[in-house]
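The values are calculated or read from the model by the stated rules, or taken from the named source; none is laboratory data. Source: prediction; values computed, not measured. We place every Cβ from the backbone using ideal geometry, glycine too, and count neighbours over all the protein chains shown. Side chains included, ligands, DNA and RNA excluded: accessible areas come from the protein's heavy atoms. Shrake-Rupley method; radii C 1.70, N 1.55, O 1.52, S 1.80 Å.
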Amino acid sequence: MRPTRTVSRTSRTLMACAVSAAAATVGLAVSPATAAPAAAPVAASQAESGSACTATDLGTRHPYIRTSEVVPTITHFTGWYVTDGSTGTQTVNTSVQTTISVSVGLTGNVEGSFAVETLGTVGASLGLNVQVNYTSTSSASTSVTWNFGNPGYYGLYKGTKKVTGTYGSLNCNRVQQDDGSWALKWIEGSDTGSYTTYTALEEGAVRCEDSVPANSIMRKAQDLLDCGSATATAIHAAGPVSSAKATKARHEAEQATRTDESAEAIGSPAPATRTPAPATRTPAPATRAALNCQPAVYRIDVPGKPLNWSAPLLANDGVRLRESNFLSAHLDNWRLCNVTEDNGVIEASLWNWGNGGCATIPANTAHQEQVNLTTATCVEDDLQRFYIYRDVPGSSKIGVQNKYSGSMMGHDRYADGELIRQYSSGRQDGTGTYALTGV
């Protein structure tokens, strides 16, 4: 097994698989070492920790690979004995050894552009052609056709290189430099997770006496022959031979899969409880006792335009872009509650003055792309916690990220009534950048 490899921060360049960032230019200082007065915008394919970003990037994020491990893995195998009279081409049925499924994060699937970008970055950083969409190796027995030139004990196999590891998130945020000035830079966000993928499948046949490369798929198959055992050295009739080592490895893989599935089920989020939020046009209701809200009240605006976030009147609706007027009933007014700050990034609950609920992503769809942002009864729940990434002082522009799903908030188009949704990588056209405007 190859040891875990930590990818250097200086080489965490996002490859061409990354979705292109918007090319709006904002004059901002670069790294503290150079402290240049302005920098050109950095494309997503060049984003790395400490490099410059722009206000357009506040509502976006990109992955970087923390660690990676590549392990040759046999997915199908059978021992097969060839006698003098059974050489030549044969089709042999192989049994499942293990099944590898592609996944990113908590779900057993690949949801959204961030997951695809993560897997693409894995492949680029390792120089491997890995799967970048949800798929899995076959969970059914499959056959291998092979031309046996010599009699002997063979292992017929299909295998791949299983690639696992952890990733982090790069987000754009303001950073104070050594000279006291501020700049926007890509920083390492709080969002982390694990991934699994694999390379293209290969198949073949190998004998105990064959010389094969160490740490190769073929060597893994040779190990399952259990060379030196009584089974491997005995004379057999032509056909399948049971390998105790292969059977043991298969049982261990099955047990590990069951353990992973149980852990995932235990860690699954419970459905969020949502109650209808009454409409109100009365003065500000009392802040929920469980929340420690800051006194300031904000609108979350589309910069330079009249539409802003407006909470829903009905529990089954979502937060939408609306224009503030006398009918708004404070549904466009928000407070930051239970606020903490780490490395310049605010974490807060977003409490709505109009319906008394907190902004949330529904639990049962939290990992789906473009799920609507809504409000619910305020509770202690990471689904109701948001990271707020800020522009340099003097600007009110922000990006908003859900703590649980890791997705950024944004909208498909600028239009009255348009829903605010989550996007795993954010909106690369800049429509995920908002303004936190004091009321």
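Karplus-derived 3J(HN,Hα) values for the stretch 61-73, using 6.51 cos²θ - 1.76 cosθ + 1.60 with θ = phi - 60°, are 8, 9, x, 9, 8, 7, 9, 8, 9, 10, 10, x, 9 Hz; glycine and proline are entered as x. What whole number of Å gives the distance from the Cα centroid of the stretch 354-376 to the Cα centroid of the stretch 93-107? Here the answer is 32 Å between Cα centres. For the cross-link pairs K161/K245; K162/K185; K162/K245; K305/K403, the ones whose C-alpha atoms lie over 30 Å apart are K162/K185. Counting only heavy atoms of the protein chains and using a 1.4 Å probe, K403 has close to 60 Å² of accessible surface. Evaluating 6.51 cos²θ - 1.76 cosθ + 1.60 at θ = phi - 60° for every residue in the stretch 302-316, the Karplus couplings come out as 7, x, x, 10, x, 7, 8, 5, 10, 5, x, 7, 9, 5, 8 Hz, glycine and proline recorded as x. Extending 7 Å from the Cα toward the beta-carbon at both E252 and N364 defines two label points whose distance is 4.1 nm. Compared with the direct C-alpha span, the chain from D416 to L128 gains 99.1 nm at full extension, assuming 0.36 nm per residue.
The calculated FRET efficiency for E323 paired with S138, based on their beta-carbon distance and R0 = 45 Å, is about 0.25. Taking the stretch 389-408 and a reference point 7 angstrom along Cα→Cβ of A296, the backbone N atoms nearer than 17 Å belong to 389-401.
For A214 and S51, calculate 0.36 nm times their separation in residues minus their Cα-Cα distance, and state this gained length in nm to one decimal. Contour length minus Cα-Cα distance gives 54.7 nm.
Cα gyration tensor of the stretch 283-439, axes a ≥ b ≥ c as square roots of the eigenvalues: rounded (a/c below 1.5), prolate (a/b > b/c) or oblate? In terms of gyration-tensor shape, rounded. Based on alpha-carbon centroids, what's the gap between the stretch 389-429 and the stretch 138-182 in Å, whole number please? Using only Cα atoms, the two centres lie 31 Å from each other. With a 1.4 Å probe rolled over the protein heavy atoms of all chains, the accessible area of F326, F386 falls in the order F326, F386, largest first. Residues S95, S169, sorted by accessible area with the largest first, give S95, S169 [1.4 Å probe; ligands and nucleic acids excluded].
Ranked by the mean number of other Cβ atoms within 10 Å of their residues, highest first, the peptides 202-210, 347-355, 86-94 fall in the order 347-355, 202-210, 86-94.
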